[in-house]
Amino acid sequence: MLVLGIESSCDETAAAVVRDGREMLSSVISSQIETHQRFGGVVPELASREHLDKITGVVEEAFTRAGVGKREIDGLAVTNGPGLVGSLLVGVSYAKAMAYALGKPVVGVNHIEGHVYSVAFENPPVEYPAFALIVSGGHTNLFYVPAPGQYKVLARTRDDAAGEAFDKVAKLLGLGYPGGPIIERLAREGDERAVPFSLPRMGDGRPDFSFSGLKTAVSKYVRESGLQPVAPGAEASQHVKDLAASFQRIVIQSLVGTTERLAGEHQPRTLIVAGGVACNEALREAAVAAGQRLGIPIYFPSPHLSTDNAAMIAAAGTVKLQNGERAGLDLNADVSLRLQNVEVEDEILRQSRVRYKL
Ligand code: KG4
Ligand code: ZN
């Protein structure tokens, strides 16, 4: 089955042609980093305009690189949420129009489920039940995945996403955007024990994540220690490198520690770690070590599949199309589309559902 995937939920316009959900024939990504860099974050209005400018060329390029004609595909898959509404609408409208013109079926794909499927290309097939830790600029969720397409949220962030914390801390240290790769590079030369930040803990004992307190602690440390943010174009001081390493250590310890503890309880057979933050080598090393202690394999996407792309959307959409799922022409963007679809049976999860409206 040949599927065209389209992704435009945030600041990447992407299209890909994928065969049978596992073979990537092409994956084209047009990044808007340069447009948003000077603002230190994504500007929604600029993002949707740029998607509109780029989408036709990106889709054409995906067909050309794959050596596949438009009429040869069996269906289309498009991200329809969560994300920025204007950005999502560009991809959704384009995909529906193309599906209609070609007389092919189309399905909507949840962006977070797309990240789960980003491991489909370079790893053995996932064994279920699985765990999926999805860590990106917009999301930080740990899912229990009893079977393909079934998701139960075991832990989620109460405030900032992990990638967002990297980006905000980078901004307050005078580093560029996106902050994750820069902090990782500086952290390699820093002492991760230099600043003793503490691990965030939930007052109610839930295994959720929280990163805004850590960001505030970094900001307080900067103020009180008199640390100077890095001037544009200047080399970071050892003090900044130590701070970057100390911050990164806590984020990783929180993500991997919680995942390992819950994996001990739920006994998954595979652990998937995906999303932009999964590019982080230190996170990968910590996850691999946890996998060894648990005796289960860890699947990561390679870096170009970790950040937003359309191949992962095509892979997730292939399963839906194979199962006979079809979206109508009323398929719409849903900015807060949820992924949890498995009944929450245990008491702790039931209580948290009531309390946090999961
Ligand atoms: O998945 P992604 O491309 O977009 C979203 O769906 O959000 O993730 C982007 C996020 C940014 O916050 C970026 O700082 C973070 O992933 N990121 C990293 C690294 N590379 C990208 N965070 C930590 N370490 C990295 N090496
Ligand atoms: Zn993403």
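The values are calculated or read from the model by the stated rules, or taken from the named source; none is laboratory data. Every value quoted in this text rests on a predicted model; they were computed, and no experiment measured them. Here the Cβ positions follow ideal geometry from the backbone for every residue, glycine too, while neighbour counts run over all protein chains shown. The accessibility values were calculated without ligands, DNA or RNA, using every heavy atom of the protein model including side chains. Shrake-Rupley method; radii C 1.70, N 1.55, O 1.52, S 1.80 Å.
Tally the residues that are of a type in the set (S, T, N, Q) and assigned to a strand (DSSP E or B), restricting the search to the stretch 21-37.
Kept after step one, since they are of a type in the set (S, T, N, Q), are these residues of the stretch 21-37: 26-27, 30-32, 35, 37.
Among the residues that remain, those that are also assigned to a strand (DSSP E or B) are: 26-27, 30-31.
Number satisfying all stated conditions: 4.
Any idea which of (1) open to solvent by 50 Å² or more (accessible area, probe 1.4 Å); (2) within 16 Å of ligand 2 (Cβ to nearest atom); (3) in contact (Cβ under 8 Å) with a residue 24 or more places away in the chain is the one GLN37 doesn't satisfy?
Exception for GLN37: condition (2).
Taking GLU224, is it away from ligand 1 (no atom under 14 Å from the Cβ), open to solvent by 40 Å² or more (accessible area, probe 1.4 Å) and under 14 Å from ILE182 (Cβ atoms)? Break it down into steps so the answer makes sense when it comes.
Working: away from ligand 1 (no atom under 14 Å from the Cβ): yes; open to solvent by 40 Å² or more (accessible area, probe 1.4 Å): yes; under 14 Å from ILE182 (Cβ atoms): no.
The answer is no for GLU224.
If ALA236 passes every condition in (1) under 30 Å from THR318 (Cα atoms); (2) touching a helix residue (DSSP H, G or I) at 6+ places or on another chain (Cβ under 7 Å) but one, which one does it miss?
Tallying (1) under 30 Å from THR318 (Cα atoms); (2) touching a helix residue (DSSP H, G or I) at 6+ places or on another chain (Cβ under 7 Å), ALA236 fails exactly one: (1).
Here are some conditions: (1) more than 15 Å from ligand 2 (Cβ to nearest atom); (2) in contact with a Ser or Thr (Cβ under 7 Å, 6 or more places away or on another chain); (3) assigned to a strand (DSSP E or B). LEU46 meets all but one. Which one does it not meet?
Of (1) more than 15 Å from ligand 2 (Cβ to nearest atom); (2) in contact with a Ser or Thr (Cβ under 7 Å, 6 or more places away or on another chain); (3) assigned to a strand (DSSP E or B), only one is false for LEU46: (3).
One line per residue, one yes/no per condition, for (1) touching a strand residue (DSSP E or B) at 6+ places or on another chain (Cβ under 9 Å); (2) at pLDDT 95 or above:
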{"position": "PRO207", "(1), (2)": "yes, no"}
{"position": "SER219", "(1), (2)": "no, yes"}
{"position": "ALA231", "(1), (2)": "no, no"}
{"position": "GLN238", "(1), (2)": "no, yes"}
{"position": "ILE250", "(1), (2)": "no, yes"}
{"position": "THR259", "(1), (2)": "yes, yes"}
{"position": "PRO268", "(1), (2)": "yes, yes"}
{"position": "LEU271", "(1), (2)": "yes, yes"}
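Could you please tell me which pairs satisfy a Cβ distance under 8 Å, a separation of 6+ or placement on different chains, a first residue in the stretch 136-160 that is part of a loop (DSSP other than H, G, I, E, B), and a second residue that is aliphatic (A, V, I, L, M) and more than 14 Å from ligand 2 (Cβ to nearest atom)?
From the stretch 136-160, the pairs are PRO146/VAL342; PRO148/VAL126; PRO148/VAL319; GLY149/VAL319; GLN150/VAL342; TYR151/VAL145; TYR151/VAL342; ARG158/MET202.
Report whether or not VAL126 is away from ligand 2 (no atom under 12 Å from the Cβ), of a type in the set (Val, Ile, Thr) and surrounded by fewer than 24 Cβ atoms within 10 Å (Cβ to Cβ).
yes
Go through (1) of a type in the set (A, V, I, L, M); (2) part of a strand (DSSP E or B); (3) within 15 Å of ligand 2 (Cβ to nearest atom) one by one and return the number of the condition VAL18 breaks.
Unmet condition: (3).
Among the helices (runs of 4 or more DSSP H) contained in the stretch 272-345, which hold 1 or more residues that are without any contact (Cβ under 8 Å) to a residue 24 or more places away in the chain and open to solvent by 10 Å² or more (accessible area, probe 1.4 Å)? So that I can check it myself, show each step before the final result.
Numbers: elements: 281-294, 303-306, 311-322.
Filter on the stretch 272-345 gives 281-294.
Output yes when any residue across the stretch 100-109 is in contact with a Cys (Cβ under 6 Å, 6 or more places away or on another chain), under 30 Å from THR258 (Cβ atoms) and in the same structural domain as GLY317 (by TED's automatic domain parsing), and no when none is.
no
Could you run through the stretch 195-221 and say how many residues are among the basic types (Lys, Arg), open to solvent by 50 Å² or more (accessible area, probe 1.4 Å) and assigned to a loop (DSSP other than H, G, I, E, B)?
1
Out of everything in the stretch 164-190 that is under 11 Å from ALA245 (Cα atoms) and of a type in the set (Asp, Glu), what residue ends up being farthest from ligand 1 (Cβ to nearest atom)?
The qualifying residue farthest from ligand 1 (Cβ to nearest atom) is GLU189.
In contact (Cβ under 8 Å) with a residue 12 or more places away in the chain and more than 16 Å from ligand 1 (Cβ to nearest atom) - does that describe any residue in the stretch 108-118?
Checking the stretch 108-118: at least one residue is in contact (Cβ under 8 Å) with a residue 12 or more places away in the chain and more than 16 Å from ligand 1 (Cβ to nearest atom).
May I ask you to verify whether LEU76 is among the hydrophobic types (A, V, I, L, M, F, W, C), modelled with pLDDT of 95 or more and either surrounded by fewer than 18 Cβ atoms within 10 Å (Cβ to Cβ) or within 22 Å of ALA120 (Cα to Cα) (or both)?
In short, yes.
Go over the candidates ALA62, ALA16, ALA95 one by one and state the one that is under 19 Å from the mean Cα position of the chain (by Cα) and buried (at least 24 other Cβ atoms within 10 Å of the Cβ). Write out each step before concluding.
On the way: ALA62 fails: under 19 Å from the mean Cα position of the chain (by Cα); ALA95 fails: under 19 Å from the mean Cα position of the chain (by Cα).
Only one candidate qualifies: ALA16.
What are the residues in the stretch 223-250 that are under 15 Å from PRO196 (Cβ atoms) and β-branched (Val, Ile, Thr), if any?
The one that is under 15 Å from PRO196 (Cβ atoms) and β-branched (Val, Ile, Thr): ILE250.
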